[in-house]
Amino acid sequence: MSDSTVVAHAAPEHGHEEHPAYLRHHFENTAQQADAAGFAMWLFLLTEVMFFGGLFTAYLIYRNWYYPAFVEASHQLNVVWGTLNTAVLITSSFTMAMGVWCAEMRKQSGLVLCLILTFILGLGFLGIKTVEYKEKIEKHHVPGFHYSLKSFVDPQSDPEIYKEYHDKPLALDMARHTEVYFSLYFVMTGMHALHMIIGIAILGFMIFRARAGAYTAGHVTFVENFGLYWHFVDIVWIFLFPLLYLISRHQ
Amino acid sequence: MSHISPVIWQFLVKWMTTFALFPPEASKLAPQMDALLFFEILVSLIGLTLVILIVTTFCILYSKERHPVAVQIEGSTILEATWTIIPLGLFLVMFVWGALIYFRVYTPPANAMNIYVVGKQWMWKAEHPGGQHEINSLHIPTGQPVQLTLISQDVFHSFSIPAFRVKREAIPGRYTSVWFEATTPGTYHLFCTQYCGTSHSAMIGDIVVLTPDDYKKWLAGSTSGMSLAQNGERLFASLSCNACHNGKPDARGPNLANVYGSKLALSNGGSVLADDAYLRESILNPSQHITQGYAPIMPTYQGQISEEGIISLVEYIKNLNSDYRIQQTLNTTGLLPEGEGKTTTAMPGNAGAKAATQGMVKQ
Amino acid sequence: MSSTIVSLPDQSTARLPKVSFMNKENGLLSWLLTGDHKRIAILYLISITFFFFIGGALAGLIRLELLTPQSDLMATDTYNKVFTMHGVIMIFFFLVPSVPATLGNFFIPLMIGAKDLALPKINLLSWYLYMAGGLLAIYTMATGGVDTGWTFTTPLSTHYVNTNVLTTGLAVFIAGFSSIFTGLNFIVTIHKMRCPGMTWFRMPLFVWAHYAASILMVLGTPVLAIAIVLVALERTIGIGIFDPTKGGDPLLFQHLFWFYSHPAVYIIILPGMGVISETISTFSRKRVFGYTAVAFSSVAIAVFGFFVWAHHMFIMGISNYSMLVFSLLTMLVAVPSSIKIFNWAFTLYKGSITFETPMLYTFGFMGLFTIGGLTGVFLGTSGTDIHLTETYFIVAHFHFVMVGGMLMAFLAGIHFWWPKMTGRMYPEKISQLAAVVTFIGFNLTFFPQFILGVLGMPRRYAAYPPEFQVLNVFSTAGATILGIGYLLPILYLTWSLKYGEIAGDNPWQATGLEWQTQSPPLTENFLITPIMDHEAYDYDWLDKQKEKEVTIVG
């Protein structure tokens, strides 16, 4: 008993005027394609939330246990640089959003400008972070690399910071816990910086493609979804900044 | 156990242990645990049989030859409800029963005799309060609740006595505890059940259960002479704890007499129960919980004392009900020649360093 | 039982279709750079089988060592490496991707009437990430292995071994991204690419199961990623986050690790359950009993599965109140699984049942998963967990659900969809024999381990007290039989590629859109977008279809 049912006609030939060149053939139309891509990016960002979530959980637990150590350790961070970085990132989110708008409005030169500005701001953020990291390295506040407790058992050895906060010296065991703070600081900001670097690299690629007109011919999905990614990286920083920099600034 | 006919119970237990399906029951907990296990096995057998019966019956009745045309049935809310509620009900019974047993196992009675166990790669070290030390074995009496306070010196280990149906992880950095009461003299397996490296399978030993008389004999015959508390007193002096915790009214550190088991008011407003874990923490991380009314000047002894040393100190403080012995040690220190075992008035942050330079007794 | 529902075209005149996804383009690059979900599924199938046999060989070594109480076949360190690599490879490189990456990849678009998954390039990337991780894992083995156990418990893994922890961690990290991207792809596809008329409740339960598993993949795997990153940093730099002497807490690692690794087991089993829904329906000629209940129970398992992780930590010093919460939730997560078992059993009621190989594996699944699942309740019950945890009871429990459950479901699916994927039927008699051999071998291997566990034999022991030897010998004997049972399909399935009977479109008379296309399918799956105008498992619709069909062969 044979019952094969074969729909045996050839695939219809179609000219490419019927749909844009960028429509992938497994999608029915560009709307479905854009919808799927956007949804995929939101889902990906959800995975990133879970990724950073583990770190935030660890932070919350240890901050609860070792509050005095966290307070004094966070005084070692420069609030000016941190605030500046926050402003830089928020501005870069603005320029990115403007870029997306330009792409949707098919303004190619506007898009390229916005992408370049975002790129520069992103580099600026990383530059400031480099300055901060360098300071930490010089003061031996990098866990695992000759980590020094001097600033915490004897705050007066650090005149600038002492002048501002008048920290009391920490007992040795509590001072040791500042290493946990800095571990979390470096891992969290490091992960964040890694995501920034990846974003900046993609931005560089996008600037080239934008100049060739890739995103201003109606196909804005890539720019839109990258915008989502960039905003996400910004939002992570918005959480990192108060948690790491702003613990009890005024005792 | 009392609810099942004793005959059936005896039969089950005998059958299971004779055929080596169950380990011997050697603790008071074991029959309680086994009762729940039997219940779970029974429920599982019934459930499995039910599923197999349903599937087999349907396969026979509705095989293609017998029942060539299938009847499309959407479902049945009543059946769904049945096989949701009944399993849920049974599982909840197990949950409650199991939780009761769990609470029982990890809540030692007040009259439990405490033995400290330190796990390290790859051996178990047991320290009896009377100063007896054992490696890879544990001698205990019948009829006496025994609490084990466990800690690891390196990685996670797990102290398991199948015959007693108890098991507890030994974790680096904090105490865990478990208790049991042995009922039958004999020798039983002790296993490490948390993978801990190369010789994990060699980290095994014997639990030797003795009658109370035999146990007394064993205690007498295997002591090193100094009890844990005595060793603790020795450390208390040599580490200069007595400099601040000297029991005087103007002392820099709180009075430790009768502190064990009391509720302490902390400087941050909260309060804490002064148990073994607290005592250990306050030696290693004193800044965490400063007693109200005292300055946060106690130095940490992290890195300067081993887990066995901490155990001795904890045992000492547990048994301290007056400052008499502390005073004695201060007097003795005072009589020593200059520079030996003496500290100058301790400066914040200095005492630890001083103790480190003055012949640290690390065990 | 001699009757069968198999209906093949007349073999004297039947040929494979001239054009299909298999021969549309030729050459190695057309396979290595493909975007076609079906080709990627085949790539996965080959690589997964490869890793399965490596993991299986390691299992063989374990059972050989355990024939005798002494640690005499290999050095204890070597044994520790063998069981670690067995776990790592089997879990991350076989079980997690097995059904989703092969059958899921191949059939989800077909089942919902789509031409491909939403993100074909990401799909291909998934496979490359999987291969990179897998090859790195093999490199790890070749350069000395790792001996921390697949659970990477700190501080053992961070401070106390000097084996290849970092490379293995990296391999798992990379494979994790493969899993995340697969799950992401499935979720987007199921949401956005269902054909007209394909509502959520008209989808096959196979798709529902993959949807639930994908949620777990997407939300759970990143937490494993961060746990591995932290272990790597602790191990290399010594950041102290898990180190008590620096103020860290080794229990934090346990929480982060199990937050993924518990949902991981549901990632593993849910797709297998999806397969069972398909096979039990087809071989009883009936819609799955309680479709809605089965669909919702998949999602319930996924949701509840996120909240039970600390039942792996009952004796590690979590508070009694934590225990209450996690034990209670564990009881709740067990209920949807039992709902499914009963729904499948009642699918047989008033059906028309035949016993082809996929159905044999299905029955094997139902029995063995029931045992495995019930023993899970023993462990979720905190009191008995104290006695049973960390012993061979755990080993038996998870092998019953993973191997007796999941692997049987995988084999059921492979046999069920083999004709669709390859256009050829596998040989029925020898495959039924293999199914029976596997079932017998499995029980002989793993049932004694329950007893060993109750007796107290710890897991991960290279040497054990002599009184445990008899049961261990039974277990090893069973493993030999099991090995044969798994070897046979490799042989006869490969044989069938050349010599198997031509299957035609729908040899099983099954419902489902995938059976309405040719075997093997065209690259674009459907020339015209299908319109779904009937419910899932609608055998009446299928009968009407048969009346209207045109018979064209080849």
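The values are calculated or read from the model by the stated rules, or taken from the named source; none is laboratory data. Just so it is clear, the model here is predicted, and its values are computed rather than measured. Please note: Cβ atoms are built from the backbone with ideal geometry, for glycine as well, and neighbour counts cover all protein chains shown.
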What about A:PHE152, is it aromatic (Phe, Trp, Tyr) and within 14 Å of chain B (Cβ to nearest Cβ)? yes
Which listed residue is within 30 Å of B:ALA70 (Cα to Cα), in a helix (DSSP H, G or I) and free of Cβ contacts under 8 Å to residues at least 24 places away in the same chain, from C:PHE326, C:PHE363: C:PHE363
The listed residue being touching a helix residue (DSSP H, G or I) at 6+ places or on another chain (Cβ under 8 Å), among the hydroxyl-bearing types (Ser, Thr, Tyr) and over 30 Å from C:ILE241 (Cα atoms), out of B:THR184, B:THR142, B:THR149: B:THR142
Considering only segment A:68-90, how many residues are crowded, with 16+ Cβ neighbours inside 10 Å and either touching a Cys at 6+ places or on another chain (Cβ under 9 Å) or not aliphatic (A, V, I, L, M) (or both)? 10
Selection within segment A:226-251 - part of a helix (DSSP H, G or I) and among the small types (Gly, Ala, Ser): A:GLY227
Just for segment C:212-271: of the residues that are within 14 Å of chain B (Cβ to nearest Cβ) and part of a loop (DSSP other than H, G, I, E, B), which one is surrounded by the most Cβ atoms within 10 Å (Cβ to Cβ)? C:PHE242
Testing C:GLY149 on (1) assigned to a helix (DSSP H, G or I); (2) within 12 Å of another protein chain (Cβ to nearest Cβ), one condition comes back false. Which one is that? (1)
Only one of C:PHE378, C:PHE398, C:PHE393 is touching a His at 6+ places or on another chain (Cβ under 9 Å), in a helix (DSSP H, G or I) and more than 10 Å from chain B (Cβ to nearest Cβ), namely C:PHE393
Output the residues belonging to segment C:444-471 that are in contact with a helix residue (DSSP H, G or I) (Cβ under 7 Å, 6 or more places away or on another chain), of a type in the set (S, T, N, Q) and within 14 Å of chain B (Cβ to nearest Cβ). C:GLN449
Just to check your reading of the model, which residue among C:PHE447, C:PHE442, C:PHE468 is buried (at least 22 other Cβ atoms within 10 Å of the Cβ) and hydrophobic (A, V, I, L, M, F, W, C)? C:PHE442
Would you mind listing the helices (runs of 4 or more DSSP H) fully within segment A:107-225 where at least 1 residues are surrounded by fewer than 18 Cβ atoms within 10 Å (Cβ to Cβ) and over 23 Å from the mean Cα position of the chain (by Cα)? A:108-138, A:150-153, A:159-165, A:178-211
Which residue, of C:THR189, C:THR163, C:THR158, C:THR154, is within 10 Å of another protein chain (Cβ to nearest Cβ), assigned to a loop (DSSP other than H, G, I, E, B) and hydroxyl-bearing (Ser, Thr, Tyr)? C:THR154
Can you confirm whether B:TYR195 is modelled with pLDDT of 95 or more and not in a strand (DSSP E or B)? yes
Please work out which residue is nearest to C:PHE363 (Cα to Cα), limiting yourself to segment B:60-70 and to residues that are out of contact with any Gly (no Cβ under 8 Å at 6 or more places or on another chain) and at the interface with chain C (Cβ under 7 Å from one of its Cβ atoms). B:SER63
Residues of segment B:147-183 satisfying the condition of being crowded, with 23+ Cβ neighbours inside 10 Å, farther than 13 Å from B:GLY119 by Cβ and in contact with a His (Cβ under 8 Å, 6 or more places away or on another chain): B:ILE161, B:PRO162, B:ALA163, B:ARG165
Which members of segment B:95-120 meet the condition of being of a type in the set (A, V, I, L, M), buried (at least 18 other Cβ atoms within 10 Å of the Cβ) and without any contact (Cβ under 8 Å) to a residue 24 or more places away in the chain? B:ALA99
Can you confirm whether C:ALA477 is in contact with a Leu (Cβ under 8 Å, 6 or more places away or on another chain), surrounded by 15 or more Cβ atoms within 10 Å (Cβ to Cβ), part of a loop (DSSP other than H, G, I, E, B) and of a type outside the set (Val, Ile, Thr)? no
Determine the pairs where a residue that is more than 9 Å from chain A (Cβ to nearest Cβ) and on the phi > 0 side of the Ramachandran plot, located within segment C:504-518, has a partner that is buried (at least 24 other Cβ atoms within 10 Å of the Cβ) and of a type in the set (D, E, K, R) with Cβ atoms under 8 Å apart, the partner being 6 or more residues away or on another chain. C:GLY512/C:GLU278
B:VAL105 is checked against (1) more than 8 Å from every other protein chain (Cβ to nearest Cβ); (2) modelled with pLDDT under 95; (3) within 17 Å of the chain's Cα centre (by Cα) and fails just one. What number does that condition carry? (1)
Just one of the numbered conditions (1) touching a Gly at 6+ places or on another chain (Cβ under 6 Å); (2) crowded, with 21+ Cβ neighbours inside 10 Å is not true of C:ASP36; which one? (1)
Of the candidates A:LEU84, A:LEU43, A:LEU89, the one satisfying the condition of being touching a Phe, Trp or Tyr at 6+ places or on another chain (Cβ under 7 Å), part of a helix (DSSP H, G or I) and at pLDDT 95 or above is A:LEU89
Using the structure shown, decide if C:GLU390 is acidic (Asp, Glu) and more than 23 Å from C:GLY305 (Cβ to Cβ). no
Do we find a residue being away from every other protein chain (no Cβ under 14 Å) and assigned to a helix (DSSP H, G or I) anywhere in segment B:222-229? yes
Check B:GLY352, B:GLY359 and return the single one that is on the phi > 0 side of the Ramachandran plot and either out of contact with any Cys (no Cβ under 9 Å at 6 or more places or on another chain) or modelled with pLDDT under 85 (or both). B:GLY359
Every residue from segment C:309-320 that is facing chain B (nearest Cβ under 10 Å) and not in a loop (DSSP other than H, G, I, E, B): C:ASN320
Provide a single number: the residues in segment A:101-159 that are among the β-branched types (Val, Ile, Thr) and closer than 26 Å to A:SER74 by Cβ. 6
Tell me whether segment A:53-60 contains one or more residues that are under 11 Å from A:TYR181 (Cα atoms), without any contact (Cβ under 8 Å) to a residue 12 or more places away in the chain, within 14 Å of another protein chain (Cβ to nearest Cβ) and part of a helix (DSSP H, G or I). yes
